[in-house]
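Student: Sharing a structure with you now.
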Amino acid sequence: MLLQETVGELVRHTDQLTDVISVINRNEKSLSKYGKQVFSQSDEDGITLEIVQRLFDRKGVVVEIGVGDGIENNSLVLLALGWRAVWVGNEDLGFEVRDFAKSISYTKSWVTKDNIFATVKQDCRDIDSDFSMVDILMVDLDGNDFYVTEALLDGGMKPSVLVLEYNSYLPPPIDWKMEYNPENIWVPPSLNYGASLQAYVNLLSRRGYFLVACNAQTGNNAFFVKNELAGKFGDVSREIGDLYVGRAQNVYNTPHNKKKLSRDFIESVLRSGLKQQ
C-alpha cells in the first residue's frame, strides 16, 4: 500500500512539473519563466521580484486585498525587502501585526466595491503614505476581485503594477466576470468566481496597462504594468494568447482545488455572452 501511494505521489508531482515546463516553453516571451515561491502560494514571488528589479530603485508601497492569515501571500516578499504594505482581509492574522505598525497597516473587514476605497485610503495614512503613492496593487478575494479592482482604479489609485487573481478556466477571448454579489463567499469546487483574463485585459488596457505574465505553476495570477514603463519589458509579448496560462489540471489534483462546472456558473457565462452580442 505504501509503495503504491509513493508511486502515485511521484506520478502526480511529475505531471505537475510537466505542466509547468510546458507553460514556460510555450511562453518564451513572458515573465512566467522567473516564477519562484518564497512566501506566495505558488510561484508568484519570482515574477514579482523580477518586475520590482526592473522598475524600482527604492522601497515602495504595496496594497494587498485578501491576505489570508498573513502567513502566506503575495506581498510578504516585498515586506522582506523593506517595503510598506496596506493589508485588507476578513481573517485574523497569524501574528501580532502591532509589532510591525511602521510597515503594515491591516484592516480586518468584509471587502466590497463600496467600502474598499475608504478603507485603503485610511490605511495608507496609517503607514505615513498616500493613496496616490501606491506602487503595486494585489487583489485575491476568490470572488468580487474585478469589481474591487475597478473601484480602486476609478477612485484614483494609479499603481505601476497590478497582480490580480483571474479565473483561468475561461481562455481568451472569453470576456467574463462573475455577477457582483457583495455577500459572495466562494465555496470550492465552484468555478463561479472572479473574472477571466480577457476581462482584466479589456478593463486595464482602457486604463493604460498591459499584461506581462501569468504564473506558470497554477495559472491563477496575472501581472500588469503601466504602458509608460513598456521600455523595461521589450522581451515580453503583447499578445494575450502568448501569455495566458490555463488551469494546470495536475496541479489542481487535490480535493480542495478540483473545480467543477455548475448551473450558476454556466448560466452566468451565457448571460455574459448575450451582453456581448
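Student: With the crude spin-label approximation of a point 7 Å out along Cα→Cβ, what separation in nm comes out for Lys108 versus Gln122?
Tutor: Label-label distance for Lys108 and Gln122, simple model: 1.5 nm.
Student: Measure off 7 Å from each Cα along the Cα-to-Cβ vector at Asn227 and Asn115, then give the distance between these two points in nanometres to one decimal.
Tutor: In this crude label model, Asn227 to Asn115 measures out at 3.6 nm.
Student: Still on this structure, please answer the following. Between Glu28 and Ser132, 0.36 nm times their residue separation minus their Cα-Cα distance comes to what?
Tutor: Contour length minus the Cα-Cα distance gives 34.0 nm.
Student: Now for a separate question. Just from its helices, what would the mean residue ellipticity at 222 nm be for the chain, if runs of 4 or more DSSP H residues each count -39500 (n - 2.57) and the sum is divided by every residue, rounded to the nearest 500 deg cm²/dmol?
Tutor: Details: 8 runs with 88 residues, N = 277.
It lands at -9500 deg cm²/dmol.
Student: Picking from Glu28, Glu50, Glu228, which is most flexible by a Gaussian network model of the chain using Cα springs under 10 Å?
Tutor: Among Glu28, Glu50, Glu228, the largest mean-square fluctuation in the Gaussian network model of the chain belongs to Glu228.
Student: Let me ask you something else. So how do Cys214, Cys124 line up by other beta-carbon neighbours within 10 Å, fewest first? List each step's numbers first, then the result.
Tutor: Numbers: Cys214 27, Cys124 21.
In increasing order of surrounding Cβ atoms, one gets Cys124, Cys214.
Student: At 7 Å along the Cα-to-beta-carbon direction for both Lys158 and Lys260, put a label point, then send me their distance in nm to one decimal.
Tutor: Label-label distance for Lys158 and Lys260, simple model: 4.8 nm.
Student: Still on this structure: With r as the distance between the Cβ atoms of Gln53 and Phe100 and R0 = 30 Å, compute the FRET efficiency 1/(1 + (r/R0)^6) and round to 0.05.
Tutor: Once rounded, the FRET efficiency stands at 0.80.
Student: Among Ile116, Ile266, Ile136, determine the one that fluctuates most according to a GNM of the chain built with springs between C-alpha atoms less than 10 Å apart.
Tutor: With Cα springs under 10 Å in the chain, the top fluctuation among Ile116, Ile266, Ile136 is at Ile266.
Student: Here's something else I'd like to know. Compute the Cα gyration tensor for the stretch 2-275, then decide on rounded, prolate or oblate, letting a ≥ b ≥ c be the square roots of its eigenvalues: rounded whenever a/c is under 1.5, prolate when a/b is larger than b/c in the other cases, and oblate in all that remain.
Tutor: rounded
Student: Hey, got the Cα dimensions of the stretch 127-277 along the principal axes, in Å, largest first?
Tutor: Sorted from largest, the Cα extents of the stretch 127-277 read 42, 37, 35 Å.
Student: Using 0.36 nm per residue, how much length does the chain from Leu274 to Asn202 gain when fully extended, once their Cα-Cα distance is taken away?
Tutor: Gain in length upon complete extension: 24.2 nm.
Student: Set the Förster distance to 25 Å, then compute FRET efficiency between Gln37 and Asp92 from the Cβ-Cβ distance, nearest 0.05.
Tutor: In this case the efficiency is close to 0.55.
Student: Using the count of nearby Cβ atoms within 10 Å as a rough guide to exposure, how do Asp45, Asp123 rank from fewest to most? Mind dumping the intermediate values first?
Tutor: Details: Asp45 24, Asp123 21.
With the fewest neighbours first, Asp45, Asp123 line up as Asp123, Asp45.
Student: Over the chain, what is the relative contact order in whole percent, taking alpha-carbon pairs under 8 Å and six or more residues apart?
Tutor: 19
Values quoted throughout were computed directly from the atomic coordinates according to the rules given, and no laboratory measurement underlies them. Treat the numbers as computed from the prediction; the structure is a model and nothing was measured. Cβ coordinates were reconstructed from backbone atoms using ideal geometry, including for glycine residues, and neighbour counts include every protein chain displayed.
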